[in-house]
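The values are calculated or read from the model by the stated rules, or taken from the named source; none is laboratory data. Bear in mind the structure is a predicted one, so any value in this text is a computation, not a measurement. Every residue, glycine among them, receives a Cβ derived from its backbone with ideal geometry; neighbour counts consider all protein chains shown. Side chains included, ligands, DNA and RNA excluded: accessible areas come from the protein's heavy atoms. Shrake-Rupley method; radii C 1.70, N 1.55, O 1.52, S 1.80 Å.
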Amino acid sequence: MNMKSSLLGLAVGIVGGATAMLLSTPQSGKNVRQSLKSTKEASQEVGSELQQRFSSIKDAVNMIKQETQTTVPNIVTDVKGSVQKFQQETAPIQQRLKGNIDAMSQSANELGQAASEMTTEVEKLVNRLTFKKQPKV
């Protein structure tokens, strides 16, 4: 709901309430006029206070908007620059790590092949020893 319709509704409510009061009051005309005058003054004070608060809120929102428009692009630019710098600084390290990982992988494959060959040789030796120890028939 927008602000104008809210304020319009408030004003209509005040006028309607004042009219209902005038039509149903048992007070004298002088007392009614005094009551209306005090109600009018109170309404004007409330309206003035609301106007000041809305103005303060509007000013604060505008200030935040301006700060955001100037600060956010600078932050984005700084972050992009930092990320690019980080990528440039870590590129040689990444390449070195990749090389080390590849070398370790190659070494692990070679060790696996050597272990497989050793297992085969051990099995052959066990088979020879097992056949020599069995009695001849």
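Test Leu10 against the stated conditions and say whether it is surrounded by 10 or more Cβ atoms within 10 Å (Cβ to Cβ), free of Cβ contacts under 8 Å to residues at least 60 places away in the same chain and not charged (D, E, K, R).
Here the answer is yes, as Leu10 does meet what is asked.
Check Ile64, Ile101 and return the single one that is of a type in the set (A, V, I, L, M) and more than 30 Å from Asn2 (Cα to Cα).
Sole residue among the options that is of a type in the set (A, V, I, L, M) and more than 30 Å from Asn2 (Cα to Cα): Ile101.
Counting only residues that are open to solvent by less than 70 Å² (accessible area, probe 1.4 Å) and at pLDDT 85 or above, how many does region 115-130 have?
3
Residue check, Lys133 against (1) open to solvent by less than 90 Å² (accessible area, probe 1.4 Å); (2) modelled with pLDDT under 90, all met but one. Which one?
(1)
Suppose we filter Lys4, Lys37 for residues that are assigned to a helix (DSSP H, G or I) and within 41 Å of the chain's Cα centre (by Cα); which single one remains?
On inspection, the qualifying residue turns out to be Lys4.
Which residue out of Ser55, Ser48, Ser43 is surrounded by 10 or more Cβ atoms within 10 Å (Cβ to Cβ) and farther than 30 Å from Thr19 by Cβ?
Of the residues listed, the single one that is surrounded by 10 or more Cβ atoms within 10 Å (Cβ to Cβ) and farther than 30 Å from Thr19 by Cβ is Ser55.
Consider Lys37 against the criteria (1) modelled with pLDDT of 80 or more; (2) open to solvent by less than 90 Å² (accessible area, probe 1.4 Å): it satisfies all of them except one. Which criterion is unmet?
(2)
For Asn31, are the conditions met, namely being more than 15 Å from Leu7 (Cβ to Cβ), open to solvent by 90 Å² or more (accessible area, probe 1.4 Å) and assigned to a helix (DSSP H, G or I)?
Considered against the rule, which asks whether it is more than 15 Å from Leu7 (Cβ to Cβ), open to solvent by 90 Å² or more (accessible area, probe 1.4 Å) and assigned to a helix (DSSP H, G or I), Asn31 comes out as no.
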